[in-house]
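Below you'll find the structure, written out as structure tokens, and then a few comments.
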Amino acid sequence: MQLGYEVKVSALRERLGHLLTKADQQFLVAELHGDVVGWVHVVITEYIEADPFAVIGGLVVARSHRKHGVGRALMTRAEEWAKQKGCSFVRLSSTVTRTEAHRFYENLGYMNIKTQYSFAKPIGPVRPDAIRAFIPRVDQ
């Protein structure tokens, strides 16, 4: 995977099939000449302290198509969908080392609102390396 998250195709198919049935989630794909060149996953989230908002679960644009408007178009469409669903905000997280991505989001009008730690705890049977699914491998 181009952003460092490693997932088996079979698991990806199963998860995507499940996500596509949910009304509070949207998975948008950018195609060019029949090839997928990017995607964005957006989820409606509700917390007790805030009105419903959208979270970008993931945004990936093929390296060969970055800086050509694909990411901007995907984010615009994700924001439009979230607004149609009654959200007033879109939030996202980006690993600290992805400085180019940070500039991209800032150019779209996103503000860095906090720096935080990210914690995870296995609560069921998992492979010893399963936690790696949440940790991107960032190639410098």
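Readers should treat all values here as calculations from the given coordinates under stated rules, not as data from a laboratory. Just so it is clear, the model here is predicted, and its values are computed rather than measured. Backbone-built Cβ (ideal geometry, glycine too); neighbour counts: all protein chains shown.
Straight-distance candidates among the aspartates and glutamates for linking to LYS114, with alpha-carbon spacing under 16 Å and chain neighbours fewer than 8 residues away dropped: GLU106. The slack in the chain from ASP24 to SER93, taken as 0.36 nm per residue of separation less the alpha-carbon distance, amounts to 23.0 nm.
For the pair ARG15/ARG77, report the inter-label distance in nm, with labels modelled 7 Å from Cα in the Cβ direction. Roughly 2.1 nm, to one decimal. In this rough spin-label picture, where each label sits 7 Å from Cα along the Cβ direction, the ARG63-GLU6 distance is 1.7 nm.
Here LYS85 is the anchor, and the lysines within straight C-alpha reach of less than 21 Å, apart from those fewer than 8 places off in the same chain, are LYS22. One Cα centroid belongs to the range 6-80, the other to the range 94-110; the line between them spans 16 Å. If R0 equals 25 Å, the separation of the Cβ atoms of ARG132 and ALA101 corresponds to a calculated FRET efficiency of about 0.80.
Sorting the segments 20-33, 82-95 by their residues' average number of neighbouring beta-carbon atoms within 10 angstrom, most packed first, yields 82-95, 20-33.
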